[in-house]
């Protein structure tokens with residue numbers, strides 16, 4: 001079976017534009033790990049250092065690297081997991097999560113264009129790629145704000161009124177949990193205990209901890225970060 | 001094949017021995033016990049997700065899904081007990097609690113698997129009137145309507161789309177309460193790689209997938225005194241429509257179907273088989289021209305709109321290979337508004353053409369711009385599926401079984417047996433071979449039946465001698481099967497002369513618009529498809545006229561209107577071209 005389709009050049013060019021050379025090279029390497037020995041086009045075996053560390057994921061090993069590490073280089077080992085007459089597809093699918101990790105590490109989230117490019121390049125159906133990306137909590141499908149607000153909704157914070165703080169945040173920002181404000185500055189997330197119950201109710205903005213927050217303080221806190229954001233210029237997805 | 005080892009077990013206290021690798025579900029069937037099931041489908045991969053088919057296996061401590069557990073030596077299975085029945089009922093109760101309570105107004109009322117299951121398991125009340133999933137109705141496509149509120153996430157549509165059709169358009173998105181079956185990114189069906197074949201409708205146990213209904217438009221046209229409403233019926237309708245009225249599959253219904261259509265009020269009843277004969281004559285000429293090197297070989301048939309859509313999205317490089325002949329439906333519709341209009345002295349705008357098709361993709365085909373008249377009105381005004389026609393007949397109150405047989409109307413009603421077999425996989429090929437053989441050799445074919453291209457299995461390759469040429473033919477139904485042939489064409493691995501592709505399993509007889517089979521029979525069941533196919537073969541062999549070429553009505557059409565096969569008028573009216581479409585599918 002041929003590895004490419006007649007529009008392969010176009011697929012690669014689009015992928016490089018959407019995902020960047022680095023991610024495309026990474027996907028090539030992932031494909032190389034499950035490539036069959038008789039492959040003659042050389043794609044997948046080529047390209048760069050074996051693993052590019054993730055700059056954006058702090059304090060944890062590169063998840064994409066971890067996910068592909070230990071995969072057999074020899075083909076065949078994975079083929080036993082294959083279903084219904086399309087073994088090469090299952091082999092490529094086995095690389096999907098690692099690739100999505102890599103894309104999110106690069107861009108901070110997974111846009112539809114990213115997912116489509118991954119689908120075309122890995123030749124895994126777009127519905128499958130989108131299904132996987134939307135299933136896992138770790139994967140984010142919309143850009144993150146410059147500052148991620150984590151409101152603790154753990155028991156201690158909750159009894160101290162975290163729900164009212166959360167509601168105030170939602171009202172002020174006009175967004176729900178998991179969403180990002182239209183100006184791209186704030187993303188609102190719920191956390192389940194930040195381990196500082198003595199400071200309840202607590203919220204974090206980026207790495208800053210705000211203790212004993214009352215709903216009244218919310219506008220002041222937000223304004224602080226808004227002005228910080230204005231000083232630094234337009235917000236970009238942080239990737240964090 | 002080596003004989004499999006037998007495994008001894010007991011089910012409900014009865015000892016039996018079954019081959020190693022048999023599932024508990026199938027072992028129980030040998031004892032006449034049909035364990036209730038929902039997500040299971042014999043022709044699709046195992047999902048094991050609905051848990052309705054649970055049984056108690058001694059020593060396991062939990063109920064096991066019988067569809068996905070193989071028997072083992074000494075296994076003791078209990079398929080029924082108060083606890084199991086309670087557990088199954090709980091499962092279905094929870095499904096029903098999160099399902100719209102509109103059975104009486106639902107299109108699947110009476111043939112809904114969830115409804116039947118809820119009844120047979122004793123679900124008599126809704127216990128949890130809690131939050132329910134809410135999704136908008138998605139009806140962007142001309143063919144398939146998706147109603148995610150009715151979806152119970154059994155995943156059959158996802159599996160049929162991937163495993164049988166190789167399209168992989170559907171997937172479950174999200175998780176938990178908000179999980180939804182949809183194309184990538186929740187795109188509208190019309191913006192997806194959907195090829196509109198409608199197999200998702202066929203396998204859906206509820207009304208989460210349905211055809212886009214055209215019955216209202218047709219009723220309205222029938223009631224309009226200024227409209228001359230004509231109808232055409234595809235070959236496979238006559239082989240399946242009886243099932244909608246409790247008759248056994250494979251009952252030929254040609255005459256009664258025609259009679260019922262007259263009662264419904266159609267001004268003329270035409271036979272799509274006539275269009276099929278015409279397609280064959282045109283296609284045989286095209287094939288000859290390709291054989292002489294004018295256009296590329298292999299020629300691939302183009303009657304199946306699901307296949308055409310698949311080609312445009314997944315194999316655009318094969319477009320030059322697709323026969324330029326319009327489908328029998330589109331040819332007949334064109335003639336109804338030109339040739340027939342002229343004969344009748346009617347203005348084309350007065351004529352309303354209804355096509356009854358086993359297919360939902362035909363709805364889409366009828367709305368493709370290349371099948372529009374110059375004034376922007378489609379040649380085929382409305383397409384009804386077999387199911388929609390059955391419903392209209394019931395709605396009107398016609399007792400079809402008692403009607404005297406009717407006859408199709410001239411000039412588009414006479415057809416050869418070659419036209420009838422168009423409805424089954426291999427039929428277009430056989431009809432082409434009957435014609436091409438004569439065209440190539442210049443003398444009558446020495447045989448009429450090309451049984452080597454028959455059979456409902458998905459894939460056949462063979463050589464057929466025509467004159468001194470050995471013609472390499474391929475036949476595929478179900479697009480996952482077709483891919484195997486198409487990949488060989490693309491890679492140049494094999495040189496075919498002609499390939500027939502029908503998108504649906506078994507061909508049109510297994511189309512996305514065919515009747516839901518009776519309870520206990522699954523849609524893709526080869527036995528069911530074989531019965532429908534044999535009805536068509538019987539109709540063919542009972543006819544005196546069996547070759548498209550010998551159809552006198554076709555002769556008259558060419559003599560008085562078209563001016564000969566492959567003529568300029570024929571090309572203008574009966575041929576078309578295809579174009580690559582987006583989004584591009586991944587094959």
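Of all residues in the stretch B:304-352, which are free of Cβ contacts under 8 Å to residues at least 24 places away in the same chain and in contact with a helix residue (DSSP H, G or I) (Cβ under 9 Å, 6 or more places away or on another chain)?
Result: B:341, B:347.
Is there a residue in the stretch B:239-250 that is surrounded by fewer than 20 Cβ atoms within 10 Å (Cβ to Cβ) and in contact with a strand residue (DSSP E or B) (Cβ under 8 Å, 6 or more places away or on another chain)?
The answer is no; no qualifying residue exists.
Residue-by-condition table, conditions (1) at pLDDT 95 or above; (2) buried (at least 18 other Cβ atoms within 10 Å of the Cβ); (3) more than 14 Å from every other protein chain (Cβ to nearest Cβ); (4) under 28 Å from residue B:317 (Cα atoms):
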| position | (1), (2), (3), (4) |
| --- | --- |
| B:549 | no, yes, yes, no |
| B:556 | yes, no, yes, no |
| B:581 | no, no, no, yes |
| B:585 | no, yes, no, yes |
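Within the stretch B:472-528, track down each residue that is in a strand (DSSP E or B) and away from every other protein chain (no Cβ under 14 Å).
Within the stretch B:472-528, B:472, B:473, B:474, B:475, B:477, B:498, B:499, B:500, B:501, B:502 qualify.
Before we move on, is residue B:65 under 33 Å from the mean Cα position of the chain (by Cα), at pLDDT below 95 and surrounded by 13 or more Cβ atoms within 10 Å (Cβ to Cβ)? Break it down into steps so the answer makes sense when it comes.
Working: under 33 Å from the mean Cα position of the chain (by Cα): yes; at pLDDT below 95: no; surrounded by 13 or more Cβ atoms within 10 Å (Cβ to Cβ): yes.
Spelling it out, it is not the case that residue B:65 is under 33 Å from the mean Cα position of the chain (by Cα), at pLDDT below 95 and surrounded by 13 or more Cβ atoms within 10 Å (Cβ to Cβ).
Among B:458, B:520, which is the only one that is modelled with pLDDT under 90 and loosely packed, with under 14 Cβ neighbours inside 10 Å?
Every option except B:520 fails the conditions.
Please count how many residues of the stretch A:110-135 are at the interface with another protein chain (Cβ under 8 Å from one of its Cβ atoms) and at negative phi.
Count: 15.
Select, from A:110, A:100, A:169, the only residue that is in the same structural domain as residue A:21 (by TED's automatic domain parsing) and assigned to a helix (DSSP H, G or I).
A:100
Hey, residue B:538 hits all of (1) within 14 Å of chain A (Cβ to nearest Cβ); (2) farther than 22 Å from residue B:283 by Cα; (3) touching a residue at least 60 places away in the same chain (Cβ under 8 Å) but one; which does it fall short on?
Among (1) within 14 Å of chain A (Cβ to nearest Cβ); (2) farther than 22 Å from residue B:283 by Cα; (3) touching a residue at least 60 places away in the same chain (Cβ under 8 Å), residue B:538 violates only (1).
For residue A:76, which of the numbered conditions (1) within 29 Å of residue A:225 (Cβ to Cβ); (2) at pLDDT below 95; (3) part of a loop (DSSP other than H, G, I, E, B) fails to hold?
In the conditions (1) within 29 Å of residue A:225 (Cβ to Cβ); (2) at pLDDT below 95; (3) part of a loop (DSSP other than H, G, I, E, B), residue A:76 misses (1) alone.
For the stretch B:303-317, name all the residues that are crowded, with 24+ Cβ neighbours inside 10 Å and closer than 22 Å to residue B:358 by Cα.
If the condition is that a residue be crowded, with 24+ Cβ neighbours inside 10 Å and closer than 22 Å to residue B:358 by Cα, then B:303, B:304, B:305, B:306, B:307, B:308, B:309, B:310, B:311 are the ones that fit.
Identify all residues within the stretch B:325-359 that are under 25 Å from the mean Cα position of the chain (by Cα) and assigned to a loop (DSSP other than H, G, I, E, B); write none if there are none.
B:326, B:327, B:358, B:359
Quick grid of which residues meet (1) in the same structural domain as residue B:229 (by TED's automatic domain parsing); (2) surrounded by 24 or more Cβ atoms within 10 Å (Cβ to Cβ); (3) assigned to a helix (DSSP H, G or I); (4) modelled with pLDDT of 95 or more:
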position: B:255; (1), (2), (3), (4): yes, no, yes, yes
position: B:270; (1), (2), (3), (4): yes, yes, no, yes
position: B:276; (1), (2), (3), (4): yes, yes, yes, yes
position: B:279; (1), (2), (3), (4): yes, yes, yes, yes
position: B:285; (1), (2), (3), (4): yes, no, yes, no
position: B:289; (1), (2), (3), (4): yes, no, yes, no
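Looking only at residues that are surrounded by 20 or more Cβ atoms within 10 Å (Cβ to Cβ) and in contact (Cβ under 8 Å) with a residue 24 or more places away in the chain in the stretch B:164-179, which one is farthest from the other protein chains (Cβ to nearest Cβ)?
B:165
For the stretch A:141-159, state whether one or more residues are away from every other protein chain (no Cβ under 14 Å), under 17 Å from residue A:102 (Cα atoms) and touching a residue at least 60 places away in the same chain (Cβ under 8 Å).
Scanning the stretch A:141-159 turns up at least one residue that is away from every other protein chain (no Cβ under 14 Å), under 17 Å from residue A:102 (Cα atoms) and touching a residue at least 60 places away in the same chain (Cβ under 8 Å).
Hey, residue A:177 hits all of (1) more than 14 Å from the chain's Cα centre (by Cα); (2) within 14 Å of chain B (Cβ to nearest Cβ); (3) surrounded by 22 or more Cβ atoms within 10 Å (Cβ to Cβ) but one; which does it fall short on?
(3)
Within the stretch B:205-214, can one find any residue that is on the phi < 0 side of the Ramachandran plot, without any contact (Cβ under 8 Å) to a residue 40 or more places away in the chain, surrounded by fewer than 24 Cβ atoms within 10 Å (Cβ to Cβ) and over 16 Å from the mean Cα position of the chain (by Cα)?
Let us first name the residues in the stretch B:205-214 that are on the phi < 0 side of the Ramachandran plot, namely B:205-214.
Filter again for without any contact (Cβ under 8 Å) to a residue 40 or more places away in the chain, leaving none.
No; the residues of the stretch B:205-214 include none that is on the phi < 0 side of the Ramachandran plot, without any contact (Cβ under 8 Å) to a residue 40 or more places away in the chain, surrounded by fewer than 24 Cβ atoms within 10 Å (Cβ to Cβ) and over 16 Å from the mean Cα position of the chain (by Cα).
Please verify whether residue A:128 is more than 26 Å from residue B:194 (Cβ to Cβ), surrounded by 21 or more Cβ atoms within 10 Å (Cβ to Cβ) and either in contact with a strand residue (DSSP E or B) (Cβ under 9 Å, 6 or more places away or on another chain) or not assigned by TED's automatic domain parsing to the domain that holds residue A:184 (or both), treating the condition exactly as stated.
In short, no.
So residue B:133 fits all but one of (1) without any contact (Cβ under 8 Å) to a residue 60 or more places away in the chain; (2) in a loop (DSSP other than H, G, I, E, B); (3) more than 30 Å from residue A:138 (Cβ to Cβ); what number is the exception?
Residue B:133 satisfies every listed condition except (3).
Being within 7 Å of chain A (Cβ to nearest Cβ) and either over 24 Å from residue B:46 (Cα atoms) or part of a helix (DSSP H, G or I) (or both) is the filter here, so list the residues in the stretch B:180-195 that pass it.
Correct list: B:184, B:185.
Matching residues to (1) under 20 Å from residue B:434 (Cβ atoms); (2) crowded, with 20+ Cβ neighbours inside 10 Å:
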{"position": "B:509", "(1), (2)": "yes, yes"}
{"position": "B:515", "(1), (2)": "no, yes"}
{"position": "B:528", "(1), (2)": "no, yes"}
{"position": "B:533", "(1), (2)": "yes, yes"}
{"position": "B:541", "(1), (2)": "yes, no"}
{"position": "B:552", "(1), (2)": "yes, no"}
{"position": "B:559", "(1), (2)": "no, no"}
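The values are calculated or read from the model by the stated rules, or taken from the named source; none is laboratory data. This structure is a prediction, so every number in the text was calculated from the model and none was measured. A quick note on method: Cβ atoms are made from the backbone with ideal geometry, for glycine too, and the neighbour counts reach across all protein chains shown.
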